[in-house]
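A short worksheet on the structure shown next.
No value in this document is a laboratory result; all are computed from the given coordinates. Quick caveat: nothing in here was measured; it's all calculated off a predicted structure. Note that each Cβ is placed from the backbone with ideal geometry, even for glycine, and that neighbours are counted across all protein chains shown.
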Amino acid sequence: MDAPNGYAVEHADRVVWLSNNRELFIAGWVNQIVAMLSLSGVFFAIAWRVGSTSPLIAMIAAMVVLMSVMAFIIPKFIAVWTIPLLADTISTGAVGSQLADPLLRILNVSVPFSLYTSFDYLGFWLYSLFALLVAIPLYSSSMATKIAAVSLGLFGVISVLFIN
């Protein structure tokens, strides 16, 4: 919700842009939902693969993926449903526009401590936890699974260390 190259954008400009580009904004977030669900499906397949050697870890990993989907779907739903409605309410001055304005500020994606961004960080942290859970059981005799295990392990360690 900020301009490229770090330029700060006034809140009123955000509202105008969101009102004028509602369909584009929603399409971008629907694309993210599809990508997130696809990656979660891949993670479920990995948990299924790990289940043959470590069923308890596979069950825990699958539950972690389910929690990450929930953590991700909340802000994505907010982006598809709530943010466009808030912008429309503010721009038209409809009933509730005084409440919609601070809510839209609270849901600002660019602020690292906003409710919206916190759910995204939680989802990425859970993806990291999944990667750490399955990395060792996935490390088997096949070269492909060893590469996948090392990649997931690196992803998990790097994400846990650097997600702020």
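Its alpha carbons considered, the chain gives a radius of gyration followed by a Dmax of 19.3, 64 Å. From its DSSP helices (H runs of at least four residues, each -39,500 (n - 2.57)), the chain gives a residue-normalised ellipticity at 222 nm of -26000 deg cm²/dmol. Here the chain is treated with +1 on each Lys and Arg Cβ and -1 on each Asp and Glu Cβ, and its dipole about the Cα centre works out to around 560 debye. As a calculated quantity, the FRET efficiency between Arg105 and Ser142 at R0 = 41 Å, using C-beta atoms, amounts to about 0.20.
Farthest towards the positive end of the charge dipole of the chain, among the residues Ala71, Trp17, Leu86, is the Cα of Ala71, using unit charges on the Cβ of Lys, Arg, Asp and Glu. Packing-based ranking of 71-84, 41-54 yields 71-84, 41-54, ordered from highest to lowest mean Cβ neighbour count within 10 Å.
Would you please classify the overall shape of region 85-164 from the alpha carbon gyration tensor, given that a ≥ b ≥ c denote the square roots of the eigenvalues, rounded means a/c under 1.5, and beyond that prolate means a/b larger than b/c while oblate covers the rest? Before the final figure, lay out the partial values.
Details: a/c = 5.55, a/b = 3.77, b/c = 1.47.
In terms of gyration-tensor shape, prolate.
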